[in-house]
Amino acid sequence: MLNHLSASDKELLYSRLKHVVFKKGEYITLPGQVQENLYLIQSGIQMSFFENEKKMHVVAFTFAGDMCAVPDSFFFQKPSKYAIQCLSDSEMKAISFSELNALFDESNSLERFFRKATESFLAGIINRHLELHTLSIEERFRAFGARSSQLFQLVPHKYIASYLGIDPTNFSKLFNSVKI
């Protein structure tokens, strides 16, 4: 992820990052909180979700190499509409909103790097939206398997089913019958 940065830009970035650790089950952000930090995940798996009428709706999974935040809460410093919870013990590097913006003022390359990462994230969100509205449940299952098959072994299936918009019973049938 950081391979395209110069040594001096990496050094500048790393000088501002703080090492943080979260335990399995711990929340990084809760609905109503303002996300103060952007996290660069070193290890662990996290899940973003909201609850509506006592039903959980999984928005995203993040893991090593990803950035983790509630984007609109972090970038606009407004209360979050959903939660981020660690599904496993997690290690991350954190940078605050104000520190990140100070970095942008110091380095055009870092600002460009984070802009490109945000563009990539946006493209992924649009692709996910299209998948949810245009693909069958089996096609969504296969697409997820092609993209993130390791999560089948690491994340409870009820959460993946929610992420894919598939009833847990149908997910179980797909998991047992479709070869990925």
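What is the residue count in region 77-101 for residues that are free of Cβ contacts under 8 Å to residues at least 12 places away in the same chain and among the small types (G, A, S)? The number of residues fulfilling the criteria is 1. Within region 38-59, residues that are without any contact (Cβ under 8 Å) to a residue 40 or more places away in the chain and exposed (fewer than 14 other Cβ atoms within 10 Å of the Cβ) reach partners that are among the aliphatic types (A, V, I, L, M) and assigned to a strand (DSSP E or B) with beta carbons closer than 9 Å, at six or more positions or on different chains, in the pairs E51/A83. Considered as a group, the residues in region 159-180 that are touching a strand residue (DSSP E or B) at 6+ places or on another chain (Cβ under 8 Å) and open to solvent by 30 Å² or more (accessible area, probe 1.4 Å) include one that is farthest from I137 (Cα to Cα), and that residue is Y159.
Among the residues of region 142-154, is there at least one that is within 18 Å of S48 (Cα to Cα), free of Cβ contacts under 8 Å to residues at least 40 places away in the same chain and among the small types (G, A, S)? Looking for residues that are within 18 Å of S48 (Cα to Cα), free of Cβ contacts under 8 Å to residues at least 40 places away in the same chain and among the small types (G, A, S), one finds none in region 142-154, hence no. Contact annotation: residue pairs with Cβ atoms under 8 Å, 6 or more positions apart or on different chains, pairing a residue in region 116-140 that is in contact (Cβ under 8 Å) with a residue 40 or more places away in the chain with a partner that is assigned to a loop (DSSP other than H, G, I, E, B) and exposed (fewer than 15 other Cβ atoms within 10 Å of the Cβ), are A117/M1; E138/V178.
Considering region 89-109, and only residues there that are under 18 Å from D66 (Cβ atoms) and buried (at least 16 other Cβ atoms within 10 Å of the Cβ), the residue that is farthest from the chain's Cα centre (by Cα) turns out to be L100.
The values are calculated or read from the model by the stated rules, or taken from the named source; none is laboratory data. As the structure is a computational prediction, the values presented were derived from the model and not from experiment. Every residue, glycine among them, receives a Cβ derived from its backbone with ideal geometry; neighbour counts consider all protein chains shown. Accessible surface areas use protein heavy atoms only, side chains included; no ligands, DNA or RNA. Shrake-Rupley method; radii C 1.70, N 1.55, O 1.52, S 1.80 Å.
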